[in-house]
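I have placed the structure first, in the form of structure tokens, so that the comments after it can refer back to it.
The values are calculated or read from the model by the stated rules, or taken from the named source; none is laboratory data. These numbers were taken from a predicted model, which means no experiment stands behind them. Methodologically, a virtual Cβ is constructed for each residue, glycine included, from the backbone with ideal geometry; neighbour enumeration extends over all protein chains shown.
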Amino acid sequence: MNTSDGWRPRRVPEARGRVGGPRTPIDYAKVGRSSVRRRARGMTHSEAVAGLEGAEQQAHLERRDESAFDDGGRRAAELAEWQRVVQLLAVTGGPYDPDVDVVVQEELAEDRRREEAEQQHRQEQQQLADRAAELLALAGSGRLDRTVASRPGDEAARALLDDYDYRVLAVDDWFARALADRDGHYADPAARAAAVGSLPASVRARAALLAALARTGAPVDDGLEFVGRLAQADPDATTALAAWLETAAAVKGGTA
């Protein structure tokens, strides 16, 4: 059981980006295309043809050498890029300039879009990790109560928590009460519906039973530790009990 205050998220490799994130695999085909573009800069059509012939000869020699290492597709990418440059210069005549090559510029723009998306993803993951740490800290200090409003994304933050941390029980109780009370962003029906597929079954069952008990007129503010124990032991039975209470309350209300 992890009882230390120095909590670390369970499944967020991006959250470690503050000290250096995971290395991006090398795209050897991309390296090959970039190499050709650098060498072809300023070439005329005939010069590019010579470059293609040299690349084809080198590829032929490597195919004959059984000990040649796997270059990750770089050689094939280089040949394809030389062919493309030759075809382009057959139309334009040259000199070749990657700065005005539409294909190159589209690739660069896509790289920028991908990097921006990855950066946004890393930021969002870090925010989730920070929120998860905040909930645990509040739970550990006894301050995670109804004064703490739920937020969009809290379910994803809950998914990062280690279930063996003793503070998670208090976090789950807070989630169940917020869901049952329709507090914070759970006032939105769409948020409640999304929580059904995001929160653990025991949390959903606890929320359902708390809500059902409240509709019967029973006080649910204190002294209901058994609700959490029931939900943890058998979420399905707890949910069934909640449904039975809801039906009983509806029948009673209809006959009153």
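Residue pairs whose Cβ atoms lie under 7 Å apart, sitting 6 or more positions apart in sequence or on different chains, and linking a residue in the stretch 58-73 that is at pLDDT 60 or above to a partner that is small (Gly, Ala, Ser), are 62/68; 73/29. Residue by residue through the stretch 168-199, note down the ones that are of a type in the set (D, E, K, R) and touching a residue at least 40 places away in the same chain (Cβ under 8 Å). Listed by number, the residues that qualify are 172, 173. Against the list (1) touching a residue at least 40 places away in the same chain (Cβ under 8 Å); (2) in contact with a Phe, Trp or Tyr (Cβ under 9 Å, 6 or more places away or on another chain), the condition residue 86 fails is (2).
Answer yes or no: is there a residue in the stretch 210-218 that is of a type outside the set (D, E, K, R), crowded, with 22+ Cβ neighbours inside 10 Å and at pLDDT below 90. Yes: one or more hits.
Matching residues to (1) in a helix (DSSP H, G or I); (2) touching a His at 6+ places or on another chain (Cβ under 7 Å); (3) modelled with pLDDT under 90; (4) surrounded by fewer than 17 Cβ atoms within 10 Å (Cβ to Cβ):
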position	(1), (2), (3), (4)
172	yes, no, no, no
186	yes, no, no, no
202	yes, no, no, no
205	yes, no, no, no
220	no, no, yes, no
228	yes, no, yes, no
248	yes, no, yes, yes
